[in-house]
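Below is one structure; the comments refer to it alone.
The values are calculated or read from the model by the stated rules, or taken from the named source; none is laboratory data. Please read all numbers here as calculations on a predicted model, not as lab measurements. A quick note on method: Cβ atoms are made from the backbone with ideal geometry, for glycine too, and the neighbour counts reach across all protein chains shown. Note: accessible area is taken over every heavy atom of the protein model, side chains too, but ligands, DNA and RNA are not part of it. Shrake-Rupley method; radii C 1.70, N 1.55, O 1.52, S 1.80 Å.
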Amino acid sequence: MRHLGALWDTHRHRCAPEIMAVKNRLQAEGRVVCHQGYIKGYEPMDEQVEVTYRPRGTTQENKLRGAPCP
């Protein structure tokens with residue numbers, strides 16, 4: 001189950017069609033980028049937040065910086 005957990009959660013926790021339409025529109029506009037992986041930590045920086053994550057299937061760590069949600 002450990003290996004299939006992410007796949008199971010994807011199907012078990014589906015979002016409403018209206019929300020998915022908004023997500024798809026924002027992705028098409030380039031305003032949202034989705035990353036699959038494991039969040040290792042985060043750190044507030046000024047008016048942004050820096051997130052350290054490990055992309056799925058790798059051992060490397062990446063950092064993303066963006067505005068926090070209100």
Discussion item. Residue under question is residue 53, and the condition is that it be in a strand (DSSP E or B), open to solvent by less than 60 Å² (accessible area, probe 1.4 Å) and not aliphatic (A, V, I, L, M); does it hold?
Written reply: yes
Worksheet entry | Top-ranked residue in the stretch 56-70 [being among the hydrophobic types (A, V, I, L, M, F, W, C) and either in a strand (DSSP E or B) or out of contact with any strand residue (DSSP E or B) (no Cβ under 8 Å at 6 or more places or on another chain) (or both); ranked as farthest from residue 34 (Cα to Cα)] | 69
Worksheet entry | Flag if residue 14 is out of contact with any His (no Cβ under 7 Å at 6 or more places or on another chain), basic (Lys, Arg) and part of a loop (DSSP other than H, G, I, E, B) | yes
Response to the item:
In the stretch 29-47, anything open to solvent by 80 Å² or more (accessible area, probe 1.4 Å) and either in contact with a Gly (Cβ under 6 Å, 6 or more places away or on another chain) or of a type in the set (A, V, I, L, M) (or both) is listed as 33, 39
Practice prompt. Could you give me the residue pairs with C-beta distances under 8 Å whose first residue belongs to the stretch 1-29 and is at pLDDT below 85, whose second residue is polar (S, T, N, Q) wherever it lies, and which are 6+ apart or on separate chains?
Written response: 6/36
Discussion item. Looking at the stretch 48-57 only, could you name the residues that are at pLDDT below 95 and under 19 Å from residue 3 (Cα atoms)?
Written reply: 56, 57
